[in-house]
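Comments concern the structure below.
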Amino acid sequence: MIAPSQRERAAGFRKLHGGPRLLLLPNAWDAASARLFEEEGFEAIGTTSAGVAFSHGFPDGERMAFPDVITTIERITRAVRIPVTADIEAGFGETPDGVGASIRAVVEAGAVGVNLEDGKERKELVPVSLHSERIRAAREAASSAGGDVVINARTDVYLDAIGPPESRFDEAVRRANAYRKAGADCLFVPGVTDAGTIERLAREIDGPLNVLAGAETPSVRELERFGVARLSLGSGPMRAALGLLRRIAREIREGGTYGALTSGALSYAEANGLFTRS
């Protein structure tokens, strides 16, 4: 049974996409990372499919068993009070009905949003019509489960470098606008970092635009000026954490010192306190 507050949290999460401030959406891979982001004042969090998969010993790309993905989502939603949106890649279903079944499980796990992508591992995108059917199935499934879900429809035109470079803008806009008509709340175009292109996407896409943070991404202030609605961190925080672990390991093995281990680390009391609040 879905708690009545699930619909209210979904509605509140949807409103965060309406500006004027950019929705900063960090992506967690477990309960500890989710609580840390909440403690730092973020209004909502997403999960990262790559980070969740890596932490369980799998590569990204729907290689992890979906029940285990749901268990991770449940642990995160229980740990935080802010809205959680779940990255479930292409939906863990071969058909729109299969995606609908996945959405019902996500809603029952307490999440109020999902990412649904149109990319494939073999660097091909599914037809617009099929992804639109997935989006409609997701909307219907959430409703039938007694809840609501904010759908972030992702197109990987830029991320997977689909087609000639000169065709990518029009194709991304075509796909995003079709997904919006199918019922998506937000349109995610990862892989684009050029300021002019992002500004044009925000103008041409008929709905809130989500972009992915990276080394070359314009600043938050610039993205707000362009009209971007949402900024995701993706697997970046998890990979940064792995980078820190590598530095700790190398420093201890090669130099016998502990600077990377101790500099900036939470105290035991701080870490424990993430899970002992009233």
| request: Answer with yes or no whether Arg180 is under 21 Å from Thr85 (Cβ atoms), part of a helix (DSSP H, G or I) and of a type outside the set (A, V, I, L, M). | output: yes
| query | Does Glu216 meet the test of being touching a Lys or Arg at 6+ places or on another chain (Cβ under 9 Å), in the same structural domain as Arg200 (by TED's automatic domain parsing) and not aromatic (Phe, Trp, Tyr)? | reply | no
| request: Might you let me know whether segment 136-149 holds any residue that is in contact with a Ser or Thr (Cβ under 7 Å, 6 or more places away or on another chain) and either surrounded by 22 or more Cβ atoms within 10 Å (Cβ to Cβ) or assigned to a loop (DSSP other than H, G, I, E, B) (or both)? | output: no
| message | Restricting to segment 31-61, name every residue that is of a type outside the set (A, V, I, L, M, F, W, C) and surrounded by fewer than 18 Cβ atoms within 10 Å (Cβ to Cβ). | response | Glu39, Glu40, Gly41, Glu43, Ser55, His56, Gly57, Pro59, Asp60, Gly61
| task | Identify, from the list Thr85, Thr193, Thr95, Thr197, the residue that is surrounded by 22 or more Cβ atoms within 10 Å (Cβ to Cβ) and either modelled with pLDDT under 95 or among the hydroxyl-bearing types (Ser, Thr, Tyr) (or both). | result | Thr85
| request: Mind listing just one residue for me: the one in segment 118-145 that is under 24 Å from Lys15 (Cβ atoms) and touching an Asp or Glu at 6+ places or on another chain (Cβ under 8 Å) and, of those, modelled with the highest pLDDT? | output: Ala142
| Single residue of segment 7-23 satisfying the filter (buried (at least 19 other Cβ atoms within 10 Å of the Cβ) and either at pLDDT 95 or above or not assigned by TED's automatic domain parsing to the domain that holds Ser144 (or both)) that is nearest to Val106 (Cα to Cα) | Ala10
| query | Could you give every pair whose Cβ atoms fall below 6 Å, whose first residue belongs to segment 255-275 and is within 17 Å of Gly243 (Cβ to Cβ) and not assigned by TED's automatic domain parsing to the domain that holds Phe37, and whose second residue is of a type outside the set (Ser, Thr, Tyr) and part of a helix (DSSP H, G or I), counting only separations of at least 6 or pairs across chains? | reply | Ala260/Arg247; Ala260/Ile248; Ala260/Glu251; Leu261/Ile248
| task | Using the structure shown, decide if Gly163 is in the same structural domain as Tyr179 (by TED's automatic domain parsing) and on the phi > 0 side of the Ramachandran plot. | result | yes
| query | On the given criteria, is Ala161 free of Cβ contacts under 8 Å to residues at least 60 places away in the same chain and over 17 Å from the mean Cα position of the chain (by Cα)? | reply | yes
| request: Kindly establish whether Ala182 is over 17 Å from the mean Cα position of the chain (by Cα) and surrounded by fewer than 22 Cβ atoms within 10 Å (Cβ to Cβ). | output: yes
| query | In segment 39-48, is there at least one residue being in contact (Cβ under 8 Å) with a residue 40 or more places away in the chain, touching a helix residue (DSSP H, G or I) at 6+ places or on another chain (Cβ under 8 Å) and among the aliphatic types (A, V, I, L, M)? | reply | yes
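The values are calculated or read from the model by the stated rules, or taken from the named source; none is laboratory data. No experiment lies behind these values; they were computed from the predicted model shown. Note that we place each Cβ from the backbone using ideal geometry, even for glycine, and neighbour counts take in every protein chain shown.
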